[in-house]
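In what follows, a structure is listed as structure tokens, so that the remarks can point back to it.
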2 protein chains.
Amino acid sequence: MSSTVAKALTLLDHFSENEPELGLSDLARRSGLDKATVHRMLSVMADAGLVEQRHDTKLYRLGAGILRLARIREKAFPFASVLQPELDRLAQETGETAHASLISGRALATVGICESSKANRVSLVVGEVLPFHATASGIATLAFGTEELSARVLTGPLDGKTSFTLTDPGRLSALIETARQTGFGETDQTNEIDVYGIAAPYFDKTGLACGALAVATPSHRMTEALRGKIVGAVLRAAQVITSGTGGKQPTGYAETVRRTLALLPDGSA
Amino acid sequence: MSSTVAKALTLLDHFSENEPELGLSDLARRSGLDKATVHRMLSVMADAGLVEQRHDTKLYRLGAGILRLARIREKAFPFASVLQPELDRLAQETGETAHASLISGRALATVGICESSKANRVSLVVGEVLPFHATASGIATLAFGTEELSARVLTGPLDGKTSFTLTDPGRLSALIETARQTGFGETDQTNEIDVYGIAAPYFDKTGLACGALAVATPSHRMTEALRGKIVGAVLRAAQVITSGTGGKQPTGYAETVRRTLALLPDGSA
DNA sequence: CCCTCTGGTTCATTATTGTCAACAGTAGTT
DNA sequence: AACTACTGTTGACAATAATGAACCAGAGGG
């Protein structure tokens, strides 16, 4: 559980849009590791190009190697490029903030965002790592992902992000089952106060969920009509992304979506 | 000297556009490490999201975490976005393949490419890691980078990529000095047979080279006139990128460029 | 001048890691 | 079917590399 590379790589998790540059002591404190350890790790990661150190401020930031790797990944498996347009459309259509994520090891990586144009909107930090158990995206992904993944999440630690977070494996499992039957995930303030999330999974070519498309709205703004509109829009957008990236829906999913859409008030079509 | 994380991270170097997916044994063979070792490393890297394993073929590929990190880096320090247009313009203007790279630890990372429209052109593999000592970009970068970096390269191993590669520290050092006086780097077939490279450095806000912009042409096509055109175009494009990314030229560099441009046949302006 | 930050370094202790072997599964031959 | 050759995967032990407390040097601040 405590492999050295694992510890080194968790250092990368502390970088975000808000804090793109971090100092040595700072990183040591956050990661709970010793300064010397962190220093050595950063040095070799700098050698590999994953991070780089500014010679003036001595602060560390993500390195150019990342860009190179991203290019390879994107060239071989285009995702961001087909994702972004759909994301923009979704945000425009629902009037709320839309974001997309992909399974990234033990968590979800946010790989795309389009914020609502409304003044009062949900604002997301680019590059944040989202926990499976506390987000609509996570629930949606788990519901249609491998049995092994959900097992690992359910048996792992379930941090209480807010007072609404489901920290009980049983209740969490039930929520996932609900998502499996409706075809989408739904959470209210389980990851952040006053944020309501609705998310639909998209699938890889083996029919397994590899991530989710989500719309986040301020909880107090949520109404039955808005909910219907969002669910419909998200489900359809996710289907577009699935096919756009060469994915395939699992058998029965199309039928599940059809049934869900039929139950919505109206606002869809 | 051979830290575990370093070894783990070198595994990433073997992925490229041509081979975006690699198997365990394959990676073990290339890296010279034991299968079991590689397996453990890949497992933890998969946990962190740097790589992911396809459940069907068992092959490994770069993971979604990379995309997340790239987003952060790009949001905080836009580079690819300001780079690409200039790269396209450069390729169009010279009629040859243009590419850009950034210092990435012990090597250069290719972060942008725009291929020539000519049928006979230099074609580059996206995401390849370029050695400093055998490329025009490397020479240009070393000439205007930190003393420490060039020292590290000069004392390190100098692999002979072709029969033209300078593997002697003394001659290499002389080549770098030439670049320092002309303001650009130039190599002929030192990294790949029949490829002529001309590269100009761009600078960060401290006035140190952080990478280079290069034009690669088939060696046999190179003439004095074409050379002049390319040198002028590359130098000017690099200056645009430097200022476009908030960089600053070191004192005297503008003068160096002016002198170089004055010596060119014509084809510039 | 002292105090407290910062990044960086050293070195004996100890735990992680590399190694090697065996195992299971698949594909292609014979 | 049995044999081969190749995958990816797991376990146990010896050896190496990671660890973390203490320590340096420098930059502000009071």
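Scanning segment A:215-269 for residues being within 22 Å of the chain's Cα centre (by Cα) and part of a loop (DSSP other than H, G, I, E, B) gives a total of 7. Within segment B:31-44, does at least one residue satisfy the condition of being over 30 Å from residue A:149 (Cα atoms) and free of Cβ contacts under 8 Å to residues at least 24 places away in the same chain? Scanning segment B:31-44, I find at least one residue that is over 30 Å from residue A:149 (Cα atoms) and free of Cβ contacts under 8 Å to residues at least 24 places away in the same chain, so the answer is yes.
Checking the stated criteria, residue A:123 turns out to be farther than 28 Å from residue B:106 by Cα, touching a residue at least 24 places away in the same chain (Cβ under 8 Å) and either within 16 Å of DNA strand D (Cβ to nearest atom) or exposed (fewer than 15 other Cβ atoms within 10 Å of the Cβ) (or both). Among the residues of this structure, residue A:235 does not count as one that is farther than 17 Å from residue A:130 by Cβ, in contact with a helix residue (DSSP H, G or I) (Cβ under 8 Å, 6 or more places away or on another chain) and free of Cβ contacts under 8 Å to residues at least 40 places away in the same chain.
For residue A:154, indicate whether it is modelled with pLDDT under 95 and open to solvent by 30 Å² or more (accessible area, probe 1.4 Å).
Yes; evaluated as a whole, the condition is true for this residue.
A single entry from A:179, A:140, A:109 fulfils the requirement of being in contact with a strand residue (DSSP E or B) (Cβ under 8 Å, 6 or more places away or on another chain), hydrophobic (A, V, I, L, M, F, W, C), under 28 Å from residue A:9 (Cα atoms) and in contact (Cβ under 8 Å) with a residue 24 or more places away in the chain: A:140.
Evaluate the following for residue B:112: is it within 11 Å of chain A (Cβ to nearest Cβ) and either hydrophobic (A, V, I, L, M, F, W, C) or within 17 Å of residue B:199 (Cα to Cα) (or both)? Before the answer, list the steps.
Working: within 11 Å of chain A (Cβ to nearest Cβ): yes; either hydrophobic (A, V, I, L, M, F, W, C) or within 17 Å of residue B:199 (Cα to Cα) (or both): yes.
Spelling it out, residue B:112 is indeed within 11 Å of chain A (Cβ to nearest Cβ) and either hydrophobic (A, V, I, L, M, F, W, C) or within 17 Å of residue B:199 (Cα to Cα) (or both).
The residues of segment B:115-130 that are of a type in the set (Gly, Ala, Ser), more than 7 Å from chain A (Cβ to nearest Cβ) and under 28 Å from residue B:157 (Cβ atoms) amount to a single one, B:123.
Residue count for segment A:77-102 satisfying the condition of being touching a residue at least 40 places away in the same chain (Cβ under 8 Å), within 14 Å of chain B (Cβ to nearest Cβ) and either buried (at least 18 other Cβ atoms within 10 Å of the Cβ) or closer than 24 Å to residue A:12 by Cα (or both): 9. Assessment of segment A:157-175 against the conditions (closer than 26 Å to residue B:67 by Cβ, of a type outside the set (D, E, K, R) and buried (at least 22 other Cβ atoms within 10 Å of the Cβ)) yields no matching residue. Within segment B:147-176, the set of residues being of a type in the set (A, V, I, L, M, F, W, C) and either outside the structural domain of residue B:254 (by TED's automatic domain parsing) or without any contact (Cβ under 8 Å) to a residue 12 or more places away in the chain (or both) comprises B:151, B:174. Residues that are within 11 Å of DNA strand C (Cβ to nearest atom) and either open to solvent by 40 Å² or more (accessible area, probe 1.4 Å) or among the charged types (D, E, K, R) (or both) within segment B:34-67 comprise B:34, B:35, B:36, B:37, B:39, B:40, B:43, B:56, B:57, B:58, listed in sequence order. Applying the condition of being open to solvent by 40 Å² or more (accessible area, probe 1.4 Å) and not in a helix (DSSP H, G or I) to segment B:15-32 and asking which residue is nearest to DNA strand D (Cβ to nearest atom) yields B:21. Taking the condition at pLDDT 95 or above, open to solvent by 10 Å² or more (accessible area, probe 1.4 Å) and assigned to a loop (DSSP other than H, G, I, E, B), does residue A:190 pass? For residue A:190, the condition - at pLDDT 95 or above, open to solvent by 10 Å² or more (accessible area, probe 1.4 Å) and assigned to a loop (DSSP other than H, G, I, E, B) - is met. The residue of segment A:60-111 that is farthest from residue A:6 (Cα to Cα), among those that are in a loop (DSSP other than H, G, I, E, B) and of a type outside the set (Gly, Ala, Ser), is A:96.
All of A:257, A:240, A:195, A:234 fail the test of being at negative phi and buried (at least 23 other Cβ atoms within 10 Å of the Cβ), apart from A:234.
When you scan segment A:36-59, do you find a residue that is more than 16 Å from DNA strand D (Cβ to nearest atom), farther than 17 Å from residue B:129 by Cβ and either of a type in the set (D, E, K, R) or in a loop (DSSP other than H, G, I, E, B) (or both), even just one? No, segment A:36-59 contains no residue that is more than 16 Å from DNA strand D (Cβ to nearest atom), farther than 17 Å from residue B:129 by Cβ and either of a type in the set (D, E, K, R) or in a loop (DSSP other than H, G, I, E, B) (or both).
Inspect segment A:134-147 for any residue being part of a loop (DSSP other than H, G, I, E, B), under 21 Å from residue A:94 (Cα atoms) and of a type in the set (Val, Ile, Thr) and give the result as yes or no.
yes
Filtering segment A:48-76 to residues that are of a type in the set (A, V, I, L, M, F, W, C) and within 7 Å of chain B (Cβ to nearest Cβ) leaves A:48, A:50, A:62, A:64, A:66, A:67, A:69, A:70, A:72, A:76.
Answer yes if at least one residue in segment B:33-43 is facing chain A (nearest Cβ under 8 Å), more than 22 Å from the chain's Cα centre (by Cα) and of a type in the set (Asp, Glu), and no otherwise.
Checking segment B:33-43: not a single residue is facing chain A (nearest Cβ under 8 Å), more than 22 Å from the chain's Cα centre (by Cα) and of a type in the set (Asp, Glu).
The values are calculated or read from the model by the stated rules, or taken from the named source; none is laboratory data. All of these numbers come straight from a predicted model, not from anything done at the bench. Using ideal geometry, Cβ is built from the backbone for each residue, glycine included, and neighbour counts are taken over all protein chains shown. We work out accessible area using only protein heavy atoms, side chains counted, and drop any ligands, DNA or RNA first. Shrake-Rupley method; radii C 1.70, N 1.55, O 1.52, S 1.80 Å.
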